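We did not get these values from a lab; they are worked out from the coordinates using the rules stated. These numbers come from a predicted model, not from an experiment. Note: ideal-geometry Cβ built from the backbone for every residue, glycine included; neighbour counts use all protein chains shown.
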Amino acid sequence: MSQFLSWSQDWIKAALPRPVLEGIRAYRHKASVRRWEAEVRERTRTEWRLMLRNWKEQAAPVAPAPEGTRASHRILVFPSDPGAIVGSRGDDAMITAVLEAARSAGHQPQVDMFCEGEGERIAVGMGFHPVVIGTDRDVAAAAAKLLGERRYDTYVALGADIVDGRFGPRIPALMLIAADLAARAGVRATILGCSFGEDPAAELKPVFQRLDWRVHLNMRDPISLRRLQAFAPVHPQLVADAAFLLEPGSADPAAAAWVERQRALGRKVVGVNAHPMLVRTPDAAWVEKMAANLTRALCEVGARRNVGWILLPHDYREHFGDLSCLRRVGELLRQRAGVEAHLLEGCHSAADLKALVGGLDAVVTGRMHLAIAALGMGVPALALTYHDKFEGLYSHFELPPWLLLSPAIFDDPVELARRIEQFVEAIPVLVQVIEKGHARVMALARKNFMDEPARQD
């Protein structure tokens, strides 16, 4: 029988026209892909259900450690990207701010860091004790065991811009589950001030709903606060980003010297940052267009306003970082006569970048934490927005909305030049606005580490 079927198939293949055969093969391939995708979705749903069920089973038995046994000054941290830890200087700034807050209280903390993949090696290299994330369904049991064995003072999660699930619900769910179990074990559990977008992942609603009321759930701007309150029955508090508390380090000597030379020639010095992730699906053509039009705009403004430009990377990740864009802008600027520009090479800490930014007149930035570094040092920032998190940041200082530029501005170099020139002209007024709101914002930033959560009824 099998031989007959094989013969029949061979006969059909020989008899059918080639286009028909190719159509059949294409249909079978698509059907196979659809079956595979359906199987992946079903496995994902199953893992998600098991993760939530296991969390519920682990939550009840978690008991606080006996009084007086948690004075070990040990911190458990869940980063926003467990595979990279601090690929973004924003993550670096937030983690460093946590450590500085502990040290300001007279402690020298030991830090355990949740990680996975390459993140384990990075965590060790930074002096952290790695806690490797296992399978998602086992995270609750592993976290409960860890919290029972070790005497942690504090659990901190970097919600950043991922806690709403915009980059997928997995990591925010895991960090919230660990926060819940930490709070139930008597550990101070904090979700560091973060953003919450207008389109959160629906899968996270039951996670927020079951979150223990003792978790310090901090939103870093009033817009995010309102969005989370509308999404789930929780009681977050309003803070400012903890990165405002980061102490400035030491500016790169070569860059600082270049800035001083420009100032001696009577020029204003403006930092410039751009990166591929300003659009959802960047390609080489878009990056080239962005670099060309940004270069044109900078040249036009520099010619009219006597400005020097320093190109400032703030994210060093290989595929999502800033250097590829900024190096291309630097190459194009060098081809233009009469333009003063300097590219900050090398990899620099968030603290050192903050020190450098503090010596500039202003910053044009596509990275929110570079804007935070600037505003925290009293330096105006013009934002190239790629998420809806910038609006909330600028509302803290009551800064005007024209400082927020859509990435579509790169389609119109004339308008981009006009907006940058408007920004340069407004620097003195903007400095006064920032100075007026500075003390209030710093007080809100300190609330990440001070206030107790309000009890939920």
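Observations on the model:
- Inter-label distance, nm, simple model (7 Å from Cα along the C-beta direction), D283/K205: 3.7 nm
- For the chain, the relative contact order is 15 percent, taking Cα pairs closer than 8 Å that sit 6 or more residues apart in sequence and dividing their mean separation by the residue count.
- DSSP-defined antiparallel bridges as percent of all bridges, the chain, nearest 5: 5 percent
- Among residues other than V363 with Cβ under 12 Å from its Cβ, the summed charge is +2 (Lys and Arg +1, Asp and Glu -1).
- Note on segment 53-175: Kirkwood radius taken over Cα pairs, Stokes-Einstein applied at 25 °C and 0.890 mPa s, translational D equal to 162 µm² s⁻¹.
- Only one item in (i) 67, 47, 41; (ii) 91, 76, 40; (iii) 71, 50, 39 matches Cα extents along the principal axes in Å derived from the coordinates shown, and that item is (ii).
- Those GluC sites (Glu not before Pro) in segment 270-346 that DSSP places in a loop and that have at most 16 other beta carbons within 10 Å: E318, E345
- Full extension of the chain between R296 and R18 gives 94.8 nm of extra length, using 0.36 nm per residue less the Cα-Cα distance.
- The residues T365, T96, T135, when put in order of fewest to most other Cβ atoms within 10 Å, stand as T135, T96, T365.
- V132-W213 FRET efficiency (beta carbon distance; Förster radius 35 Å; 0.05 resolution): 0.75
- Cα gyration tensor, segment 253-441 - rounded (a/c under 1.5), prolate or oblate: rounded
- Rough spin-label spacing in nm, given labels placed 7 Å along Cα→Cβ, for E415 and I427: 2.6 nm
- Net charge of Cβ neighbours under 13 Å - reference E300; Lys, Arg +1; Asp, Glu -1: +3
- Positive minus negative residues near D252 (Lys, Arg vs Asp, Glu; Cβ under 10 Å): -2
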